[in-house]
Amino acid sequence: MERAITISREFGSGGRELGVKLAESLGIPFYDKELISMAAEESDMPEDAFLHYDENMPFIKDPLDRHFYSPFSSIYQVPMSDQIFLAQSRVIRKLADQGPCVIVGRCADMVLENSVNLFIYARMKDRIRRMNSLETGVDPVKMESRIREVDRKRKDYYQYYTGNEWGKAQNYHLSLESGLVGVDGCLKAVLAYLESVQ
């Protein structure tokens, strides 16, 4: 396996856990939140800014506000969220050029041209159950609201930077529902799929 593997995931579906297990099984590096500090270091920008904009679109009252965005203004600047996306994209490409690895999120499936792209999803009740097993004592209604909010942010971020529809099966090589077989079942399916990838 000589390609990078990207994992896009619904919140609570187990996509990150699958990424960790997949990287261990293949003996290749795994990257998720590590990309934030790597991109901050490479671009010489504060890591706090990366954390603030991580897979999250800034709220702009008026996206056509000419005062802030006019290219003729002497104070025109590329928005921080765009600078951060570009910095992370450079790091993602650099890591993939170094050899096979597993990268979670951050539109890596669209940043890389020759990667194997996975999408992990699950029914809401399975995601609530999974998240409540990790964070005990959270009201299921509040957990569902949190899951939907994180998914919405990921969807908006992905669509803004790629122009593609997040979670649409045609945008990935393999989409897996983790609720029925769990993360370990998904791992077996991915490993079997990768055996045929050239």
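The values are calculated or read from the model by the stated rules, or taken from the named source; none is laboratory data. Just so you know, these numbers come straight off a predicted model, no measurement behind them. With ideal geometry, Cβ positions are generated from the backbone for all residues, glycine too; neighbour counts draw on all protein chains shown.
Worth pointing out:
- Verdict on Ser145 being more than 17 Å from Arg3 (Cα to Cα) and not hydrophobic (A, V, I, L, M, F, W, C): yes
- Residues in region 92-111 that are surrounded by fewer than 23 Cβ atoms within 10 Å (Cβ to Cβ) and either free of Cβ contacts under 8 Å to residues at least 60 places away in the same chain or under 11 Å from the mean Cα position of the chain (by Cα) (or both): 6 in all.
- Search result, residues across region 166-176 that are closer than 28 Å to Pro79 by Cβ and surrounded by fewer than 16 Cβ atoms within 10 Å (Cβ to Cβ): Lys168
- Considering the conditions (1) closer than 19 Å to Thr162 by Cα; (2) at pLDDT 80 or above, Tyr121 is excluded by exactly one of them, (1).
- Any pair with Cβ under 9 angstrom, 6 or more apart, that starts in region 144-165 at a residue that is loosely packed, with under 13 Cβ neighbours inside 10 Å and ends at one that is of a type in the set (S, T, N, Q): Glu165/Gln159; Glu165/Asn171
- Residue that is farthest from His173 (Cα to Cα), among those in region 96-130 that are in contact with a strand residue (DSSP E or B) (Cβ under 7 Å, 6 or more places away or on another chain) and of a type in the set (Gly, Ala, Ser): Ala122
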